[in-house]
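These notes concern the structure reproduced below.
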Amino acid sequence: MVKRREFIEKSLLLAFTKALGMDIACGHLMPSGYVPLELQDYPDSPFNKHSDMVTLNDNPWNIEAQAHLLDDRITPAERMFIRNNGKVPENTDIASWTLTIDGESVVKPRSYTFAELRSDFQQHTYQLTLECGGNGRSEFDPPASGNQWTVGAVSCAEWTGVRLRDLLNDVGIKSDAMYIGYYGKDVHLSGDRKKVVISRGVPLAKAMMDETLIAFKMNGDDIPLVHGFPLRLVAGGWPASASGKWLSRLSVRNIVHDGPKMTGNSYRVPCYPVAPGSGVSDEDMCIIESMPVKSLITWPKSGAVIQQGRTLAIRGHAWAGENEVGAVDYSIDFGATWRPCALEKPRNRLAWQHWKANVNPPEKGYYEVWARATDSNGTSQPMVVPAWNPKGYLNNACHRIAVKVV
Ligand SMILES: Nc1nc2c(c(=O)[nH]1)N[C@H]1C(S)=C(S)[C@@H](COP(=O)(O)O)O[C@H]1N2
Ligand SMILES: [Mo]
């Protein structure tokens with residue numbers, strides 16, 4: 001007869017094995033009460049993020065992933081970057097939460113309760129790529145001020161909600177409607193509750209697309225507080241700043257929305273190429289819409305060491321804003337020659353696509369693996385940092401990792 005304690009340990013080990021999807025080598029030697037690292041929570045990191053996430057700023061919170069953390073096909077909450085412009089709201093009670101739709105171009109302005117939104121409209125689920133417009137900013141020279149994102153301000157989670165289009169049809173929009181602006185319940189860093197932290201939006205055409213959601217679930221669960229609980233506008237493929245968190249109000253505008261961070265040089269790039277370091281006047285700055293083609297190598301982690309003669313399996317994701325990715329290639333000779341990777345179709349429009357390849361390094365030594373995606377229009381990622389711009393947006397240069405063959 002097995003003793004009770006032994007039985008508990010055996011069944012725990014089985015549960016761990018199941019959760020990990022593989023056997024635990026030397027599992028019988030694991031101390032009792034120990035939880036394997038891969039399955040541990042991260043109580044010391046804010047918002048229960050993975051301990052390898054990198055905090056760029058803690059007031060407001062801005063935290064990025066590293067490429068190897070983004071290996072999952074669907075980004076789990078613990079590996080999703082955080083970009084806050086203000087403070088996370090304290091009161092996010094679902095029972096009293098409402099979404100108001102107003103603005104000069106609405107026929108019948110009205111408010112919906114959270115429960116009405118969920119019960120009165122058809123629900124849809126999409127995988128949606130959200131990349132911060134400033135992802136890659138750290139590589140610009142001269143440097144741009146702001147969070148120095150490297151490569152990790154991108155995610156692709158599965159969002160569930162109702163279509164913004166269905167809500168707009170419900171309230172009715174006038175023929176002069178041209179833009180939607182969002183308002184959220186986050187609090188300005190100054191503490192002044194009358195000050196709006198950020199209020200951006202999208203043109204009507206983007207608002208009316210199938211995949212533009214008013215979401216209340218992320219990866220099948222309530223949206224985590226820091227990512228917008230209980231309600232979020234999600235407009236995949238565009239700078240993630242267009243996807244308003246803690247959504248409480250949408251304004252249907254007959255002008256290009258003019259809320260904070262929509263005007264001036266925020267989330268805008270020069271309308272024409274400029275020399276690095278140039279000053280550009282606000283009238284010459286254009287709003288960023290669809291994000292450019294880009295990719296990540298999520299496996300292996302940069303710095304991997306492999307034995308000579310072994311095949312190196314590489315993989316990652318690629319995305320292209322409103323477009324589909326048509327091809328991903330890799331190079332191990334600093335871009336002199338390229339070989340194709342196997343590329344999957346997106347799960348739905350605006351979802352990132354998975355790619356993989358087997359690399360056979362010809363000799364020992366230090367290698368860099370570079371990946372380059374090309375969108376369905378034939379536009380490829382640049383190998384060097386592209387068009388310098390004053391705020392450091394849209395760096396879609398090829399991602400690269402170091403590999404040693406010994
Ligand atoms: N209400 C509100 N929505 C917001 C923001 C914010 O500060 N407040 N930041 C925006 C920006 S700039 C980005 S990049 C994304 C980040 O989303 P995430 O933190 O869920 O990854 O949220 C956007 N939506
Ligand atoms: Mo952003």
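The values are calculated or read from the model by the stated rules, or taken from the named source; none is laboratory data. It should be emphasised that the depicted structure is a prediction, and the values quoted were computed from it without experimental measurement. All Cβ positions, glycine included, derive from the backbone under ideal geometry; neighbour counts span all protein chains shown. Accessible surface is based on the protein model in full, side chains and every heavy atom, while ligands, DNA and RNA are left aside. Shrake-Rupley method; radii C 1.70, N 1.55, O 1.52, S 1.80 Å.
Some points to look at:
- Dipole moment magnitude, nearest 20 debye, the range 327-406 about Cα centre, only Lys, Arg, Asp, Glu C-beta charged: 260 debye
- Considering only Ile180, Trp355, Pro31, and ranking their Cα positions along the charge dipole of the chain that arises from unit charges at the beta-carbon of Lys, Arg, Asp and Glu, the one farthest toward the positive end is Pro31.
- One quarter of the convex hull surface built on the alpha carbon atoms of the range 63-140 amounts to 8.9 nm², the projected area averaged over directions.
- Normalised by the number of residues in the range 294-405, the mean separation of alpha-carbon contacts (under 8 Å, six or more apart) gives a relative contact order of 34 percent.
- Its relative contact order, with pairs defined as Cα atoms under 8 Å and 6+ residues apart, puts the range 218-322 at 23 percent.
- Ranking Gly201, Gly152, Gly134 by Cα position along the charge dipole of the range 100-220, where only Lys, Arg, Asp and Glu carry charges on their C-beta atoms, puts Gly201 farthest toward the positive end.
- P(r) weight above 26 Å for the range 231-347, C-alpha pairs, percent: 47 percent
- Once the C-beta distance of Asn91 and Arg347 is scaled by a Förster radius of 35 Å, the resulting FRET efficiency is 0.50 to the nearest 0.05.
- Pairs of Cα atoms in the range 98-287 fall into 10 Å distance bins, from 0 up to the last occupied one, in shares of 9, 34, 36, 17, 4, 0 percent.
- Debye equation applied to the C-alpha atoms of the chain, log10 I(q)/I(0) at 0.07, 0.08, 0.11 Å⁻¹: -0.37, -0.48, -0.87
- Ranking of Ile332, Ile101 by solvent-accessible surface, largest first: Ile332, Ile101 (1.4 Å probe, protein heavy atoms only, all chains present).
- Helical mean residue ellipticity (222 nm; -39500 (n - 2.57) per DSSP H run of 4+; nearest 500) of the chain: -2500 deg cm²/dmol
- The chain: relative contact order as a whole-number percent, Cα under 8 Å and 6+ apart: 16 percent
- Check: the chain dipole with +1 on Lys, Arg Cβ and -1 on Asp, Glu Cβ, in debye: 480 debye
- Excluding ligands, DNA and RNA, the accessible surface per residue across the chain is 47 Å² with a 1.4 Å probe.
- Rg/Rh ratio calculated on Cα atoms of the range 1-115 (Kirkwood radius): 1.18
- Of the residues Asn84, Ser45, Trp338, the one whose Cα sits farthest toward the positive end of the charge dipole of the chain, with +1 on the Cβ of Lys and Arg and -1 on the Cβ of Asp and Glu, is Ser45.
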